[in-house]
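Computed from the coordinates by the stated procedures, all read-outs in this text should not be read as laboratory data. This structure is a prediction, so every number in the text was calculated from the model and none was measured. A quick note on method: Cβ atoms are made from the backbone with ideal geometry, for glycine too, and the neighbour counts reach across all protein chains shown.
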Amino acid sequence: MEYGGIAIIPLLIGILEVFKKVGLHERYIPVLSVVLGIGIGLFGNGDMKTGLVQGIFIGLSAVGLYSGTKNTLER
């Protein structure tokens, strides 16, 4: 999953939006993002350590991209 993880970030943001629409409190979204990112990283990579690190990067990137866009648009 060299650069394939980058394409997963917008997908993860969409999944997080669904969870928010269902009623999940917004303060749990970053934790859910990292957990889902780790799951994606472990599923998409055979090596556990590499998958874990990539998953954390994916989850944190999704939260940062969403937060940065939201803050920029609100100003």
> Once fully extended, how much extra length lies between residue 60 and residue 74, figured as 0.36 nm per residue of separation less the alpha-carbon to alpha-carbon distance?
Replying inline: 2.9 nm
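Taking 0.36 nm per residue of sequence separation and subtracting the Cα-Cα distance, how much length would be gained by fully extending the chain between residue 17 and residue 49, in nm to one decimal?
Gain on extension, residue 17 to residue 49, equals 8.7 nm.
What does the helix-only formula give at 222 nm for the chain: each DSSP H stretch with n ≥ 4 adding -39500 (n - 2.57), the total divided by the residues, and the result rounded to the nearest 500 deg cm²/dmol? Please list the in-between numbers first.
Numbers: 3 runs with 62 residues, N = 75.
So the calculated ellipticity at 222 nm is -28500 deg cm²/dmol.
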> Between residue 6 and residue 28, what is the spin-label point distance in nm, taking each point 7 Å from the Cα along the Cα→C-beta axis?
Replying inline: 3.3 nm
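Hey, fewest Cβ within 10 Å first, where do 17, 74, 26 land in order? Walk me through the intermediate numbers first.
Values: 17 12, 74 6, 26 9.
Fewest-to-most ranking of 17, 74, 26: 74, 26, 17.
I need 61, 33 ordered by Cβ neighbour count within 10 Å, fewest first. It would help to have the intermediate numbers written out before the result.
Details: 61 18, 33 24.
Least crowded to most crowded, the residues run 61, 33.
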> For residue 45, which sequence-distant residues (separation of 5 or more, or a different chain) have an amide H within less than 5 Å of its own amide H, given hydrogens modelled in the peptide plane?
Replying inline: none
> How high is the relative contact order of region 4-69, given as a whole-number percent (alpha carbon pairs under 8 Å, six or more residues apart)?
Replying inline: 38 percent
> From the backbone phi of region 40-50, what are the Karplus-calculated ³J(HN,Hα) couplings (6.51 cos²θ - 1.76 cosθ + 1.60, θ = phi - 60°) in whole Hz, Gly and Pro given as x?
Replying inline: 5, x, 6, 6, x, 9, x, 7, 5, 5, 5
>> Need the list of lysines near residue 70 for cross-linking: C-alpha distance under 23 angstrom, and skip anything on the same chain fewer than eight residues off.
In response: 20, 21
